[in-house]
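Data first, discussion second: the structure below is written as structure tokens.
The values are calculated or read from the model by the stated rules, or taken from the named source; none is laboratory data. Every value quoted in this text rests on a predicted model; they were computed, and no experiment measured them. Using ideal geometry, Cβ is built from the backbone for each residue, glycine included, and neighbour counts are taken over all protein chains shown.
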Amino acid sequence: MATVENFIAGLNKALEWEYAAAVQYVQHAAVITGPEYDAISKELVVHANEELAHAITVAEAISDLGGIPSIEVEKRDIAKDAVTMLEQDLAGEEHAVRMYKGLIRIAEELQEYGIRRILEDILIQEEEHRRDLLSSLGR
């Protein structure tokens with residue numbers, strides 16, 4: 001049985017992952033090299049900005065539910081080679097997709113339809129990020 005407290009905790013975990021994704025994307029965009037990565041480097045900056053926007057949206061939802069948004073940051077990954085960086089980013093997006101699907105189910109159960117809709121919008125962008133990364137990895 002979902003509770004508002006558990007939902008807030010899950011949203012705070014999502015917030016921590018959003019912070020981490022923004023930081024990781026900024027770092028990867030800055031250090032990824034090679035002419036074959038010019039386009040994805042620019043796209044990583046777009047992803048970083050979208051992840052920060054997700055963080056703001058999730059923080060507002062937490063506050064609307066009576067919670068305190070986290071300031072903690074989840075694990076970030078760095079690497080020296082471009083393919084590993086993109087694999088790390090892809091893993092993060094796959095995690096985000098799973099996480100938001102779970103949070104959407106909880107929002108539905110709690111009849112938090114407005115927050116569900118917000119989370120669905122974030123999920124759509126996370127799925128787009130995943131597709132961008134898969135494409136850049138030639139998959």
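Worth pointing out:
- In the stretch 65-119, the residue that is nearest to the chain's Cα centre (by Cα) out of those that are more than 23 Å from R131 (Cα to Cα) and polar (S, T, N, Q) is S70.
- Residue within the stretch 31-54 that is within 19 Å of I106 (Cβ to Cβ) and either of a type in the set (G, A, S) or modelled with pLDDT of 95 or more (or both) present: yes
- Filtered residue count, the stretch 115-139, keeping only those that are closer than 30 Å to S63 by Cα and either of a type outside the set (V, I, T) or surrounded by 18 or more Cβ atoms within 10 Å (Cβ to Cβ) (or both): 15
- When the residues of the stretch 10-47 are filtered to those that are hydroxyl-bearing (S, T, Y) and within 18 Å of D132 (Cα to Cα), the one that is surrounded by the most Cβ atoms within 10 Å (Cβ to Cβ) is Y25.
- Look at (1) surrounded by fewer than 20 Cβ atoms within 10 Å (Cβ to Cβ); (2) modelled with pLDDT under 95 and you find that Q88 fails only one, number (2).
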